[in-house]
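> I have a structure I would like to understand better, so I am pasting it below and will then ask my questions one at a time.
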Amino acid sequence: MHLRLFTPNKLRGALALVTLLLPGPLHGSLPPSFVKGVTVSCQTSGWEWATPEMARTLDELKSLGVNSIAIHPYAQIQNDGHVRFRSDDGFRHITLPLDWARERGLSVMLIPHIAYWGTKFLWRGEINFQTEAEWDRFFDDYQTWIVQMARLAEAHGAGTFCIGLEFTYAQKFDQRWRKIIAAIREVYHGKLTYGGNWDSFQEVTFWDALDYIGVLAYFPLTKTPNPSETEIAAGWRQKCAELAAFSKTHGDKKFLFVEIGYNESARAAAEPWAFKMGGPNADEIQRRCIEVALDLPRKCPAIAGMYWWKWFPDLPSHEEENYRIQTPAIKALIAKHWK
């Protein structure tokens with residue numbers, strides 16, 4: 001038996017040939033770990049998440065290339081600071097979708113929301129109190145509830161947990177949040193984040209205690225009427241540079257867009273947070289904004305993933321909603337970039 005040896009030049013050539021023949025990542029392809037997420041929302045308290053329609057929703061999202069979903073169970077804020085929440089049921093509307101997602105190979109972010117409707121607060125960013133007693137009430141109740149939700153996330157395999165979002169005033173209480181984070185980490189072992197609003201996430205002081213810098217990514221991109229994809233992309237280039245710089249000052253911790261979305265609105269690029277729909281070229285502007293944002297992972301390495309707002313299980317009682325992305329055109333965009 002004779003062993004034929006390669007000369008160094010032949011060996012390099014052979015290795016180069018093997019490299020060409022082996023499958024590898026395509027130029028500009030998504031990082032394998034990138035979170036391709038969609039928030040599955042509800043029009044009630046969340047019972048929709050425990051219906052057969054939810055299971056079919058998960059199947060459809062997976063077929064489009066989605067690898068993660070988010071759901072947002074509710075507690076209710078009171079004007080005096082109390083937080084009302086369930087404590088005596090099996091939370092089937094939460095545990096079933098978590099289990100169904102895991103069975104389908106989808107990861108989950110549980111992102112509990114504080115409901116504010118029916119109170120003096122117009123959104124979560126307005127939750128504010130004048131007395132120490134009210135703040136104590138809020139944080140004591142909130143910690144009890146959010147740790148309860150973290151236990152569910154741990155028991156049913158949610159890989160990411162968002163400890164809160166949009167609390168423009170409450171997020172200033174650094175030590176309160178560090179106490180909450182420590183209590184959550186005692187019962188939950190996945191990744192933690194917080195959802196800072198697009199215009200105030202820089203004010204959060206406890207990013208070092210979390211795994212991702214979470215942000216609701218409704219950044220204004222351009223004031224140009226009927227902007228082109230090129231103009232929208234230019235707005236994102238500037239924003240990505242800012243995100244990269246912020247990430248660097250926090251030990252290269254990556255961003256997770258816990259929400260990103262665009263309404264069918266002529267103002268979608270200028271005011272992505274606005275609920276008003278319609279206007280000239282509204283559907284085209286929405287499509288352009290979504291197309292550019294879906295391409296961000298290839299151009300903005302500071303982003304670890306994104307969750308699109310929002311999708312609904314298709315139920316007979318379904319009513320039209322703003323930010324709804326389950327249209328044929330947007331489904332095709334998601335599949336184009338993520339499948």
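The values are calculated or read from the model by the stated rules, or taken from the named source; none is laboratory data. Nothing here was measured: the structure is a model prediction, and the numbers come from that model. Because the Cβ atoms are built from the backbone with ideal geometry, glycine has one as well, and the counts that use them run over all protein chains shown.
> Among the residues of the stretch 73-99, write down those that are more than 12 Å from Phe138 (Cβ to Cβ), touching a residue at least 40 places away in the same chain (Cβ under 8 Å), in a loop (DSSP other than H, G, I, E, B) and of a type outside the set (S, T, N, Q).
Answer for the stretch 73-99, where residues must be more than 12 Å from Phe138 (Cβ to Cβ), touching a residue at least 40 places away in the same chain (Cβ under 8 Å), in a loop (DSSP other than H, G, I, E, B) and of a type outside the set (S, T, N, Q): Pro73, Phe85, Phe91.
> Looking at Ala269, Ala329, can you tell me which residue is hydrophobic (A, V, I, L, M, F, W, C) and in contact with a Cys (Cβ under 6 Å, 6 or more places away or on another chain)?
Just one listed residue meets the conditions, Ala269.
> A follow-up question, please. If I go through the stretch 32-59 residue by residue, how many of them are surrounded by 14 or more Cβ atoms within 10 Å (Cβ to Cβ) and either of a type in the set (A, V, I, L, M) or not in a loop (DSSP other than H, G, I, E, B) (or both)?
14
> Can you confirm whether the stretch 327-339 contains a residue that is loosely packed, with under 14 Cβ neighbours inside 10 Å, assigned to a loop (DSSP other than H, G, I, E, B) and in contact with a helix residue (DSSP H, G or I) (Cβ under 9 Å, 6 or more places away or on another chain)?
Scanning the stretch 327-339 turns up at least one residue that is loosely packed, with under 14 Cβ neighbours inside 10 Å, assigned to a loop (DSSP other than H, G, I, E, B) and in contact with a helix residue (DSSP H, G or I) (Cβ under 9 Å, 6 or more places away or on another chain).
> Kindly list the number of the only condition in (1) more than 25 Å from Ala101 (Cα to Cα); (2) surrounded by 20 or more Cβ atoms within 10 Å (Cβ to Cβ); (3) among the charged types (D, E, K, R) that fails for Lys310.
Going through (1) more than 25 Å from Ala101 (Cα to Cα); (2) surrounded by 20 or more Cβ atoms within 10 Å (Cβ to Cβ); (3) among the charged types (D, E, K, R) one by one, Lys310 breaks only (1).
> Out of (1) under 18 Å from the mean Cα position of the chain (by Cα); (2) over 23 Å from Glu126 (Cβ atoms), what's the single condition that is false for Glu53?
Against the list (1) under 18 Å from the mean Cα position of the chain (by Cα); (2) over 23 Å from Glu126 (Cβ atoms), Glu53 comes up short only on (1).
> If I filter the stretch 282-329 down to residues being of a type in the set (Val, Ile, Thr) and in contact with a strand residue (DSSP E or B) (Cβ under 9 Å, 6 or more places away or on another chain), which single residue comes out as farthest from Trp49 (Cα to Cα)?
Ile285
> Residues Ala115, Ala150, Ala70, Ala158: which one is surrounded by 15 or more Cβ atoms within 10 Å (Cβ to Cβ), at negative phi and in contact with a Leu (Cβ under 7 Å, 6 or more places away or on another chain)?
Being surrounded by 15 or more Cβ atoms within 10 Å (Cβ to Cβ), at negative phi and in contact with a Leu (Cβ under 7 Å, 6 or more places away or on another chain) holds for just one of Ala115, Ala150, Ala70, Ala158, which is Ala158.
> In the stretch 53-80, which residue that is among the acidic types (Asp, Glu) and touching a helix residue (DSSP H, G or I) at 6+ places or on another chain (Cβ under 9 Å) is farthest from Glu166 (Cα to Cα)?
Residue satisfying both the conditions and the ranking: Glu60.
> In the stretch 284-303, which residues are part of a helix (DSSP H, G or I) and surrounded by fewer than 16 Cβ atoms within 10 Å (Cβ to Cβ)?
Glu284, Arg298
> Small (Gly, Ala, Ser), buried (at least 20 other Cβ atoms within 10 Å of the Cβ) and either touching a Ser or Thr at 6+ places or on another chain (Cβ under 8 Å) or more than 22 Å from Ala101 (Cβ to Cβ) (or both), is that true of Ala170?
For Ala170, the condition - small (Gly, Ala, Ser), buried (at least 20 other Cβ atoms within 10 Å of the Cβ) and either touching a Ser or Thr at 6+ places or on another chain (Cβ under 8 Å) or more than 22 Å from Ala101 (Cβ to Cβ) (or both) - is met.
> List the number of the failed condition for Gly90; all other conditions in (1) out of contact with any Lys or Arg (no Cβ under 9 Å at 6 or more places or on another chain); (2) within 26 Å of Asn322 (Cα to Cα) hold.
Failing condition for Gly90: (2).
> Please go through the stretch 252-277 and pick out each residue that is more than 14 Å from the chain's Cα centre (by Cα), farther than 12 Å from Pro220 by Cβ and either outside any loop (DSSP other than H, G, I, E, B) or not hydrophobic (A, V, I, L, M, F, W, C) (or both).
Scanning the stretch 252-277 gives Asp252, Lys253, Asn263, Glu264, Ser265, Lys276.
> Checking the structure you have, find out if any residue of the stretch 47-67 is closer than 26 Å to Asp199 by Cβ, at pLDDT 95 or above and of a type in the set (Val, Ile, Thr).
Within the stretch 47-67, not a single residue is closer than 26 Å to Asp199 by Cβ, at pLDDT 95 or above and of a type in the set (Val, Ile, Thr).
> Moving on to the next point. State which residue pairs qualify: first residue farther than 21 Å from Thr39 by Cα and inside the stretch 210-233, second residue surrounded by fewer than 23 Cβ atoms within 10 Å (Cβ to Cβ) and of a type in the set (Ser, Thr, Tyr) in any location, beta carbons under 7 Å apart, and separation of 6 or more residues or different chains.
Glu231/Thr222; Glu231/Thr224; Ile232/Thr222
> Residue by residue through the stretch 119-143, note down the ones that are under 27 Å from Phe91 (Cα atoms) and free of Cβ contacts under 8 Å to residues at least 24 places away in the same chain.
Of everything in the stretch 119-143, just one residue is under 27 Å from Phe91 (Cα atoms) and free of Cβ contacts under 8 Å to residues at least 24 places away in the same chain, namely Asp140.
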